[in-house]
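Trainee: Okay, handing you the structure first.
Where a number appears in this text, it was derived from the coordinates with a stated rule and is not lab data. A quick note: this is a predicted structure, and the numbers were derived from the prediction, not measured. When we count neighbours, we look across all protein chains shown, and the Cβ atoms used for this are built from the backbone with ideal geometry, even at glycine.
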Protein chains: 2
Amino acid sequence: MRFLHTADWHIGKKLNGYDLLPEQRDAYQQIKAIAKTEKVDAVVVAGDLYDRALPSEAAVATLDDMLVDLNRQEKFPLLAISGNHDSGVRLGYGQQWFTSTEFYLRTTLASALKPITIGDTQFFLLPYFEPFQARQFFQDDQIKTVNQAMARLVAAMQAKFQEGQHHVLVAHFFAAGSQHSDSETAVQVGGLNAVPVDLLSPFDYVALGHLHRKEALQNEPTVKYSGSPLKFSTSESEDTKGVWIVDTDTTPVTVTFKPLKPWHDLVVLTDSFEHLMNPEKDYDVQSEDFIAIELTDTMPIPNVMQRLKTRFPRVIELQRINQLTVTPDELDIHQVQRDPLQLMTEFFEQVTQHPMQVTQQKWAKEALQAAEKEDKE
Amino acid sequence: MRFLHTADWHIGKKLNGYDLLPEQRDAYQQIKAIAKTEKVDAVVVAGDLYDRALPSEAAVATLDDMLVDLNRQEKFPLLAISGNHDSGVRLGYGQQWFTSTEFYLRTTLASALKPITIGDTQFFLLPYFEPFQARQFFQDDQIKTVNQAMARLVAAMQAKFQEGQHHVLVAHFFAAGSQHSDSETAVQVGGLNAVPVDLLSPFDYVALGHLHRKEALQNEPTVKYSGSPLKFSTSESEDTKGVWIVDTDTTPVTVTFKPLKPWHDLVVLTDSFEHLMNPEKDYDVQSEDFIAIELTDTMPIPNVMQRLKTRFPRVIELQRINQLTVTPDELDIHQVQRDPLQLMTEFFEQVTQHPMQVTQQKWAKEALQAAEKEDKE
């Protein structure tokens, strides 16, 4: 059979205050289109459907729409687990009804040992869990780490393997590459709470969620992170996001990456203020793109954020990558004496990376007047 | 057909800090037992399933268990709407799947005009709504009140009436009795936002939620509040809680009240401290009952809450119903000088109705020592 592997939707996530729901709806539409074009037999979502344990009403409504559309309208069997960002209880509300249309949402450890069979494949759906839950489940105080828990869980799952079937694990945890070749996971995952991929070898494929880059386990042919459908931080700005199409009827399974095109990209621009503000210079960004700016300048720039936003409306981050070469003593002292409010405004913007609001300007003015008055008394 | 009418479950509600989930589970079991004994064809829950728009995980899990049990295990068709305490969006998550087992949960105004037919009866499920929602729905700026909205909604529902069927409205709002005989609703409901029962006459029965006392419309034979299954405040201490069993195959419909027995009752005791503390006196309360105390005493009583709790462990309220007859001048000034900490402790308990905790006692002691020191300096 053939399925689509995605994860880490993080519905409801905001990017420095910018609502990502429209982007997430767009990415969802692309995923659905791929599922249809590829004629998959099922869609797998490996955890972190929501961004928060307590998602907003808008996030709940959006995810509900997507699940209804994919499963009830488009009739794709759907296999999903809760991730560490989800509340299993809240996400899982109503899950017993979902199976009526082959939507298998699993949020408890116990359910991982009740595989779902679709076509020629048994799916083991293991939600994110903490070691204490495995300790309780197996009634074994020796289980202290995810690693130890996984050894027990994999053995218990193997006992449920049916011969002649393929076996897929869907899970949400840190997995570490076997050959120390995957530097990214080696850096990111910590010791005993990383699951070595060797432990997962009984499965024909492991569909993982948790890390947002598909490259996290790039040297493992059958243990994969799908990565998130969108870039959620500047560290992901160079990523190509997408989903895996997995065919289980070859040995080993065949995996194909299908990219998603960001509606509004997340771009890091590293340049001087003068260049950035120069309309002649073409940065290959769209006006609605999310822009992180790394300023190379070494001199203070008044109203820097406000001015940058006239050219790039959705600046999500502003960083200086070089030290200022002037000390406060060298600054034009006359300017300070001439307009403390202006200086305060610039300082505010540099620290908060937001322009001062009207009310804030009023407060600043009042505070400065009070200070001046006190000074004179 | 025959159905059970309940409402205002308020799952997750606390009573002065006491978790009511165990009481709510017990009440649920009684409701289920009545549904089984009475062999009803459906169960109606007329809103306020949760106590809060953002229920706790424990509340979500508890309600989910009840709904699964009643509908999936016991196979009762279930008709429910959101009330003003619910978030329609959160409660309604997954609702499209629920219909697979005849669980009809409705949370939007539009759904009220799509009746559900069970046996010989059309059910119109109207969730709690604000006038602006009706204004938007009907695209009519003239709709300013619930009353006006209901006139429009009832007309639209009537257009969906099928001949030969009975018609039941399930709703969650203030309704006012037609004959000014129902003093309770007359007092409680305010002017234009109360729906006069005359407006509801096209229906064979109206199953309401919102007010917690079944007596709220006691002179209306076919427009009923079921009331809450539990006593949620001292004003409800004298209520008999329960559910209605409604038979639609008579004209008018036949309604029968079935009481629920509180596991732990909510009782108001009005007496003197001396009587209350006297073990000889029998108040006909169980040790786990929730007790609201109205003290008749006119003298200060040291450590009153702490001492009352030795006899009644779950005091939820403490009120003095008589004025103190001593003025501060008449109080024993020697006691004040002897032990300020003791006085402070009593004052704290009288104001907060909780005993002072160990840490709080420490803070009080330190504050008093500091004050004393300052006094001497």
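Trainee: What lysines sit close enough to A:Lys362 to cross-link, taking a C-alpha to C-alpha distance under 19 Å and skipping anything fewer than 8 places away on the same chain?
Mentor: Answer for A:Lys362, where 19 Å is the Cα cut-off: A:Lys373, listed by chain and number.
Trainee: Round to the nearest 10 and give me the degree value, 0 to 90, for the angle of helix B:358-376's Cα axis relative to the longest principal axis of chain B.
Mentor: Once rounded, one gets 40 degrees.
Trainee: Between the stretch B:252-330 and the stretch B:77-113, what is the C-alpha centre distance in whole Å?
Mentor: Between the Cα centre of the stretch B:252-330 and that of the stretch B:77-113, the gap is 40 Å.
Trainee: Still on this structure, I have one more. Given R₀ = 25 Å, what would the calculated FRET efficiency be for B:His354 paired with B:Asn84, taking r from the Cβ atoms and rounding to 0.05?
Mentor: 0.25
Trainee: Just checking the output field for A:230-238: average partner chain Cβ neighbours within 10 Å of each residue's Cβ?
Mentor: 0
Trainee: Take B:Gln162, project a point 7 Å from its Cα along the Cβ direction, then tell me which residues of the stretch B:105-137 have their backbone nitrogen under 14 Å from it.
Mentor: Under cut-off, by backbone N: B:114-124.
Trainee: Out of residues 5 or more away from B:Arg106 or on other chains, whose amide H comes under 5 Å of its own, with H placed 1.01 Å from N in the peptide plane?
Mentor: B:Ala80, B:Ile81, B:Ser82
Trainee: Which of the listed residues, B:Ser82, B:Ala371, A:Leu78, is farthest toward the dipole's positive end in the protein assembly as shown, when Lys, Arg count +1 and Asp, Glu count -1 at the beta-carbon?
Mentor: Of the candidates, A:Leu78 comes out farthest on the positive side.
Trainee: Please give the charge dipole size of the stretch A:264-331, origin at the Cα centre, charges +1 on K and R Cβ atoms and -1 on D and E Cβ atoms. Round to the nearest 20 debye.
Mentor: Around 240 debye, computed over the stretch A:264-331.
Trainee: On average, how many beta carbons from a partner chain sit within 10 Å of the beta carbon of a residue in A:97-106?
Mentor: The per-residue average across the peptide is 3.
Trainee: Taking the Cα centre of chain A as the origin and placing charges on Cβ (Lys, Arg +1; Asp, Glu -1), which of A:Gln95, A:Gly12, A:Leu153 is farthest toward the positive end of the dipole?
Mentor: A:Gln95
Trainee: Same structure again: For the stretch A:95-145, run through the trypsin sites (Lys or Arg not before Pro) and keep only the ones in DSSP coil with at most 13 other Cβ atoms within 10 Å of their Cβ.
Mentor: none
Trainee: Hey, if you drop one equal point scatterer on each alpha-carbon of the stretch A:193-324 and run the Debye formula without solvent, what base-10 log of I(q)/I(0) do you get at q = 0.14, 0.15, 0.17, 0.20 Å⁻¹?
Mentor: Result of the Debye calculation: -0.73, -0.78, -0.89, -1.08.
Trainee: Cα gyration tensor of the protein assembly as shown, axes a ≥ b ≥ c as square roots of the eigenvalues: rounded (a/c below 1.5), prolate (a/b > b/c) or oblate?
Mentor: Details: a/c = 1.64, a/b = 1.20, b/c = 1.37.
Oblate shape, in that a/c is at least 1.5 and b/c is the bigger or equal ratio.
Trainee: First check a/c for the stretch B:2-259, with a ≥ b ≥ c the square roots of the eigenvalues of its C-alpha gyration tensor; if it is under 1.5, answer rounded, and if not, answer prolate when a/b is larger than b/c or oblate otherwise.
Mentor: In terms of gyration-tensor shape, rounded.
Trainee: May I ask for the equivalent-ellipsoid semi-axes of the stretch A:264-331, computed as the square root of five times each C-alpha gyration tensor eigenvalue and listed largest first in whole Å?
Mentor: 23, 11, 11
Trainee: Mind checking B:57-63 for the average number of partner chain beta-carbons within 10 Å of each residue's beta-carbon? Before the final figure, lay out the partial values.
Mentor: Working: counts 7, 1, 1, 7, 5, 0, 1.
Rounded to a whole number, the mean comes out at 3.
Trainee: When N counts the residues of the stretch B:1-89, how does its alpha-carbon radius of gyration compare numerically with 2.2 N^0.38 Å, as a ratio?
Mentor: In units of the 2.2 N^0.38 Å rule of thumb, it is 1.06.
Trainee: Here are some pairs, B:Lys13/B:Lys231; B:Lys32/B:Lys75; A:Lys36/A:Lys114; B:Lys281/B:Lys309; which of them have Cα atoms lying more than 18 Å apart in this structure? Show your work: numbers first, answer last.
Mentor: Working: B:Lys13/B:Lys231 11 Å; B:Lys32/B:Lys75 11 Å; A:Lys36/A:Lys114 28 Å; B:Lys281/B:Lys309 16 Å.
Violating the 18 Å limit, Cα to Cα: A:Lys36/A:Lys114.
Trainee: A follow-up question, please. On a C-alpha basis, how far is the centre of the stretch B:344-374 from the centre of the stretch B:215-242 in Å? Whole number, if you could?
Mentor: What the calculation gives is 42 Å, centre to centre.
Trainee: Could you size up the charge dipole of chain A around its Cα centre, putting +1 on the beta carbon of Lys and Arg and -1 on that of Asp and Glu, and report it in debye to the nearest 20?
Mentor: Values: 35 positive and 53 negative charges, 266 e Å.
Rounded to the nearest 20 debye, it is 1280 debye.
Trainee: Moving on. Put +1 on the Cβ of each Lys and Arg and -1 on the Cβ of each Asp and Glu in the protein assembly as shown; which of A:Ile116, A:Thr352, A:Gly242 then has its Cα farthest toward the positive end of the dipole?
Mentor: In the protein assembly as shown, that residue is A:Ile116.
Trainee: Compute the FRET efficiency between A:Met299 and A:Thr240 as 1/(1 + (r/R0)^6), taking r as their Cβ-Cβ distance and R0 = 41 Å, and round to the nearest 0.05.
Mentor: Once rounded, the FRET efficiency stands at 0.65.
Trainee: Sticking with this one: Taking 7 Å along the Cα-to-C-beta vector as the label spot, tell me the A:Ala155-B:Glu102 distance in nanometres, rounded to one decimal.
Mentor: Modelled inter-label distance: 4.8 nm.
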